[in-house]
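The values are calculated or read from the model by the stated rules, or taken from the named source; none is laboratory data. Since this is a predicted model, take the numbers as computed values, not measurements. Using ideal geometry, Cβ is built from the backbone for each residue, glycine included, and neighbour counts are taken over all protein chains shown. Note: accessible area is taken over every heavy atom of the protein model, side chains too, but ligands, DNA and RNA are not part of it. Shrake-Rupley method; radii C 1.70, N 1.55, O 1.52, S 1.80 Å.
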Amino acid sequence: MSKEKVTIQDIADALGLSRTTVSKALNGSSGMPEKTVRAVLQKAKEMNYKQFAYLADVPDPDANPSEKGGNLALLAHIMPNRFHIASTLMATLEQEISKHGYSLTIHILSNEDILSLSLPQNLKLGQVDALICLELFDESYTRMLCGLQKPVLFSDAYCGFPHHSLHADLLLMENKYSVYHMLRTIMNTTKISSVGFIGDPNHCLSFHERYESYQAALMDSGIPFNLQNCIIDDDSFYGDDRWLSNRLAGLAKLPDMFFCANDLLAMQTISCLSKMGLSVPDDVLLCGFDDTFSLSSMNSTLTTVRTPSADMGIIASRLLLNRIADPDLPPTFTYLRTEVQFRQSTKLPVKV
């Protein structure tokens, strides 16, 4: 027996949208994506919903590949260089959204922008359908962006992000299990009794998760945590090789191994140790995180965690387009699987 009366919920279920989004589209609410409105109106016509049954066919936006979908704005505090995984994410993201008629504009935030909670002057918010944020770890600025009534996706975030009720999506690489597995394998395979951490645990959510897994791996391996083995100062110091060299030289005794929060820090540490007459892995074992392509081509001996940076761009595009289509979906946290790469810097074979 067929259902006599079609409801807004029926249309929402047929399109995979929320009831609120369908209601707004049918009522002509402002701020709704044009593609979503067209899809809702067409489905209402097909399902003979009230007066919408008498509409003319609503053109399918996907039937015209040349139609412009809109504009996404990428905000970054620091422009990622070719050694950073975000550079690959940006390239893939732009390729993916262009398939749906969207363009990407890039805006680099100055310190003044962040302190004053201001958008860049060249960003016209009324012309933007959604925002994606890279390397943006300031809590106050994050909260400001989440209050703009625009879809927002953060690729990584400040440490407290998961504990705060912010209407935004979060995209991360998987940190905790991969770091724990990498460190536990090394600890169980080699005869080491001390491990240090290099990096600022409060720099971002990813660094914080890696630091927590480092501590968990130590505890479960029966290796005591010793703060004297770590260099966990504020992140503003790490760009200075002389500073890191002095911190390494100032340690009472080098631990058997260092775990660096990412590969850039790992390569910087290797360079500083070399200037001190020390080598990896002969004098100290060392591992990192990211397996950045450019870095791994320079030094394929580093034990690290490979991150799917290109896939992150694809997933980011889908999260943003889904959010544009249905702004009322609940916020999501998405983690992409990573893979440990065991190499000579920890005296382990490639496969363990």
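Observations on the structure shown:
- Share antiparallel - DSSP beta bridges, the stretch 219-352, percent rounded to 5: 40 percent
- The chain: DSSP helices with Cα axial extent of at least 15 Å and average Kyte-Doolittle hydropathy no lower than -1.0: 34-46, 85-98, 176-189, 205-221, 263-275, 309-325
- DSSP loop trypsin sites (Lys or Arg not before Pro) with at most 14 other Cβ within 10 Å: longest gap in the chain: 254-336
- Efficiency of FRET between S279 and I108 - r from beta-carbon atoms, R0 41 angstrom, step 0.05: 0.60
- The magnitude of the dipole of the chain, with charges of +1 and -1 set on the Cβ of Lys/Arg and Asp/Glu and taken from the Cα centre, is near 540 debye.
- Solvent-accessible surface of the chain, averaged per residue with a 1.4 angstrom probe and all protein chains in place: 49 square angstrom.
- Measuring between alpha carbons in the structure, the pairs from K5/K99; K176/K275; K275/K347; K50/K99 lying more than 29 angstrom apart are K5/K99; K176/K275; K50/K99.
- Rounded percent of accessible protein surface that carbon and sulfur make up, the stretch 109-186, 1.4 Å probe: 47 percent
- Here the accessible area is traced with a 1.4 Å probe on the protein chains. For the stretch 193-352, carbon and sulfur cover 52 percent of it.
- Antiparallel %, DSSP beta bridges [both residues in the stretch 134-281], to 5: 0 percent
- Potential lengthening between M144 and H164 on full extension [0.36 nm per residue; Cα-Cα distance subtracted]: 5.9 nm
- According to the calculation over all Cα-Cα pairs in the stretch 147-268, the P(r) per 5 Å bin from zero is 2, 10, 19, 21, 17, 13, 8, 5, 3, 1, 0 %.
- Fraction of beta bridges assigned by DSSP in the chain that are antiparallel (%, nearest 5): 10 percent
- Summing Cβ point charges (Lys, Arg +1; Asp, Glu -1) relative to the Cα centre of the stretch 216-321 gives a dipole of roughly 60 debye.
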